[in-house]
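Undergrad: My questions will all concern the structure given below.
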Amino acid sequence: KGFIGSNFIHFISKKKEQKIINIDKETYAADDYNLKELKSINLINKKFDINDFKKVTSVFKKYKPNYIYNFAAESHVDRSIKSSSSFVKTNIQGTHNLLRISLDYLRSGNNFKFIHISTDEVFGSLNNKMKSTSEKNPYRPNSPYAASKAAADHLVRSFYKTYNLPAIITYSSNNYGPRQNKEKLIPMIINNVIKNKEIPIYGDGKNIRDWIYVDDNCRAIELVARKGKVGNTYNIGGNNEISNLNLAIKICDILDNLLNKKIKSRQLIKFVEDRKGHDFRYSLDIGKIKKELKWTPRYNLDHGLKKACDWYLRKNNVY
């Protein structure tokens, strides 16, 4: 019931022949609202930790999945800086537990693919002169969150190399869209404009991110699962690089237009002390997935942000 996972369930549920088993510990980032309208579809929710070996194994034995998607992650960088323990437990130990169970499942004669959802942050920071990151770039994680995801990726790769576990890793750039937790940058900006609160922006606001609308990411992940090569890795980026400050300004302008606000919301932007170890720029080269799987993002930033703003305004009963 987290952000990308719930959106993927919405996406995959449109393929009505699919039975979906959702294992979710339902921490603070989960929201019942994200799946409540899907009660009538072929969706089964299991509330427990992916570290629970017996319960996860029982799900595998009962439902015999063809695809195993690992969306489970502690993902907020600021939280990882304050306390890294839960990131190690979920992102590393949880992934290891899923891999062990998947290996037992493989040895029992089952055919499946293990799709591990990673992040561009494992590759570390770029400057403005550096080329976008390809799948061949070395790992250089700079936050406890990124390091925990990098460790998980290495475990997935090792299980493929050592045990021939049929695994694929996807690296996605910054996702945005419906159902994202309010602590994340874009929902935070939207909510603060709605409430007429200050919008905190780290440092000078020049840090750059590549943003992908979550539906584009879900479509790419499902395509990788069906047609991607086992043992491979795929970048999934939006080709929407923008600084945090310019992103905030763009969202403010979109909301002012949607809400017919006369006083510009830009004036709510306030610069605050920079995040520790704040990576300057992320950018993914999506040449491989475009060439091999014929995938390209459908949403540009203006279109995607308008859809996202509209969704949050409706959720908050603003109109």
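Undergrad: Starting from the stretch 273-301, take each residue that is basic (Lys, Arg) and assigned to a helix (DSSP H, G or I) and list its partners that are surrounded by fewer than 20 Cβ atoms within 10 Å (Cβ to Cβ) and modelled with pLDDT of 95 or more, counting only C-beta distances under 9 angstrom and pairs at least six apart or across chains.
TA: Lys288/Ser134; Lys288/Glu135; Lys288/Asn232; Lys290/Thr296
Undergrad: Now a separate question. Going by the structure shown, is Asn128 open to solvent by 50 Å² or more (accessible area, probe 1.4 Å), touching a residue at least 40 places away in the same chain (Cβ under 8 Å) and not in a helix (DSSP H, G or I)? Walk me through how you get there before you give the answer.
TA: Values: open to solvent by 50 Å² or more (accessible area, probe 1.4 Å): yes; touching a residue at least 40 places away in the same chain (Cβ under 8 Å): yes; not in a helix (DSSP H, G or I): yes.
For Asn128, the condition - open to solvent by 50 Å² or more (accessible area, probe 1.4 Å), touching a residue at least 40 places away in the same chain (Cβ under 8 Å) and not in a helix (DSSP H, G or I) - is met.
Undergrad: Now, a different point. Answer yes if at least one residue in the stretch 152-159 is open to solvent by less than 30 Å² (accessible area, probe 1.4 Å), assigned to a helix (DSSP H, G or I) and either closer than 24 Å to Arg298 by Cβ or among the small types (Gly, Ala, Ser) (or both), and no otherwise. Break it down into steps so the answer makes sense when it comes.
TA: In the first step, residues of the stretch 152-159 are kept if they are open to solvent by less than 30 Å² (accessible area, probe 1.4 Å); the result is 152-153, 156, 159.
Retained after the next criterion (residues that are assigned to a helix (DSSP H, G or I)): 152-153, 156, 159.
Filter once more, keeping what is either closer than 24 Å to Arg298 by Cβ or among the small types (Gly, Ala, Ser) (or both): 152.
Yes.
Undergrad: Can you tell me how many residues in the stretch 189-201 are open to solvent by 10 Å² or more (accessible area, probe 1.4 Å) and either touching a residue at least 12 places away in the same chain (Cβ under 8 Å) or in contact with an Asp or Glu (Cβ under 6 Å, 6 or more places away or on another chain) (or both)? Don't jump to the end; show me each part of the working.
TA: Step one: list which residues in the stretch 189-201 are open to solvent by 10 Å² or more (accessible area, probe 1.4 Å), which gives 191-192, 194-198, 200.
Imposing the further condition that a residue be either touching a residue at least 12 places away in the same chain (Cβ under 8 Å) or in contact with an Asp or Glu (Cβ under 6 Å, 6 or more places away or on another chain) (or both) reduces the set to 191-192, 194, 196-198, 200.
Adding up the residues that qualify gives 7.
Undergrad: Among the candidates Asn181, Asn137, Asn174, which residue alone is over 24 Å from Ser85 (Cα atoms), surrounded by 15 or more Cβ atoms within 10 Å (Cβ to Cβ) and of a type in the set (S, T, N, Q)? It would help to see each step written out before you state the result.
TA: Values: Asn181 fails: over 24 Å from Ser85 (Cα atoms); Asn174 fails: over 24 Å from Ser85 (Cα atoms).
Just a single option satisfies the conditions, and that option is Asn137.
Undergrad: Also, quick follow-up: Restricting the search to the stretch 260-272, which residues are touching a strand residue (DSSP E or B) at 6+ places or on another chain (Cβ under 7 Å) and assigned to a helix (DSSP H, G or I)?
TA: Taking the stretch 260-272 and keeping what is touching a strand residue (DSSP E or B) at 6+ places or on another chain (Cβ under 7 Å), we get 268-272.
Scanning the stretch 260-272 gives a single hit, Leu268.
Undergrad: Moving on. Six or more apart or on different chains, Cβ atoms under 7 Å: show the pairs whose first residue is in the stretch 62-88 and on the phi > 0 side of the Ramachandran plot and whose second is modelled with pLDDT of 85 or more and surrounded by fewer than 17 Cβ atoms within 10 Å (Cβ to Cβ).
TA: Lys64/Asn110
Undergrad: Mind counting the residues in the stretch 100-118 that are open to solvent by 10 Å² or more (accessible area, probe 1.4 Å) and either in a loop (DSSP other than H, G, I, E, B) or of a type in the set (Val, Ile, Thr) (or both)?
TA: Filtering the stretch 100-118 down to residues open to solvent by 10 Å² or more (accessible area, probe 1.4 Å) leaves 100, 103-113, 117.
Now restrict to residues that are either in a loop (DSSP other than H, G, I, E, B) or of a type in the set (Val, Ile, Thr) (or both): 108-112, 117.
So the answer is 6.
Undergrad: Based on this model, can you work out whether Asp204 counts as part of a loop (DSSP other than H, G, I, E, B), crowded, with 17+ Cβ neighbours inside 10 Å, more than 16 Å from the chain's Cα centre (by Cα) and not aliphatic (A, V, I, L, M)?
TA: Working: part of a loop (DSSP other than H, G, I, E, B): yes; crowded, with 17+ Cβ neighbours inside 10 Å: no; more than 16 Å from the chain's Cα centre (by Cα): yes; not aliphatic (A, V, I, L, M): yes.
When the stated conditions are applied, Asp204 does not pass them.
Undergrad: Every residue in the stretch 223-259 that is touching a residue at least 60 places away in the same chain (Cβ under 8 Å), of a type in the set (Val, Ile, Thr) and not in a helix (DSSP H, G or I), please.
TA: Of everything in the stretch 223-259, those that are touching a residue at least 60 places away in the same chain (Cβ under 8 Å), of a type in the set (Val, Ile, Thr) and not in a helix (DSSP H, G or I) turn out to be Val230, Thr233, Ile236.
Undergrad: Within the set of pairs 6 or more residues apart or between chains, which connect a residue that is modelled with pLDDT of 75 or more inside the stretch 27-53 to a residue that is open to solvent by 70 Å² or more (accessible area, probe 1.4 Å) with Cβ atoms less than 6 Å apart?
TA: Qualifying pairs under 6 Å: Asn42/Lys19; Phe48/Lys55; Asp49/Lys25; Asn51/Gln93.
Undergrad: Filter the stretch 275-310 down to residues that are surrounded by fewer than 18 Cβ atoms within 10 Å (Cβ to Cβ), farther than 19 Å from Thr133 by Cβ and at pLDDT 95 or above, then give me how many there are.
TA: 8
The values are calculated or read from the model by the stated rules, or taken from the named source; none is laboratory data. On a predicted model such as this, the values are computed, not experimentally measured, just so you know. Methodologically, a virtual Cβ is constructed for each residue, glycine included, from the backbone with ideal geometry; neighbour enumeration extends over all protein chains shown. Keep in mind that these areas ignore ligands, DNA and RNA; they rest on the heavy atoms of the full protein, side chains included. Shrake-Rupley method; radii C 1.70, N 1.55, O 1.52, S 1.80 Å.
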